[in-house]
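Take a look at the structure set out below.
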């Protein structure tokens, strides 16, 4: 029996099944086979380390973008804005 988060597919609602299908399709679109295989072979600790690296890279890029867009802002203002954006989940 196929299981997702402890729930059999027979117990899932139509919406949950459709969301599960969409997630799988998005994964196929975003990752090639080599990337998918590499992620499957990673330990949870390796996945955590990779996700933290991406997170801090995104913060660094956002900081650089804000500095370029707002040269009049102080470093503290930029850092405050980055903190706000990342705490609220904005783009």
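The values are calculated or read from the model by the stated rules, or taken from the named source; none is laboratory data. No experiment lies behind these values; they were computed from the predicted model shown. Here the Cβ is made from the backbone with ideal geometry for all residues, glycine too, and neighbour counts use every protein chain on show.
Some values worked out for this structure:
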item: Of residues in the range 23-61 being modelled with pLDDT of 85 or more and not in a helix (DSSP H, G or I), the one surrounded by the most Cβ atoms within 10 Å (Cβ to Cβ); result: 42
item: Among residues of the range 4-22, those that are modelled with pLDDT under 70 and surrounded by 10 or more Cβ atoms within 10 Å (Cβ to Cβ), counted; result: 6
item: Matching residues, the range 70-91, being more than 18 Å from the chain's Cα centre (by Cα) and surrounded by 10 or more Cβ atoms within 10 Å (Cβ to Cβ); result: 70, 73, 77, 78, 79, 80, 81
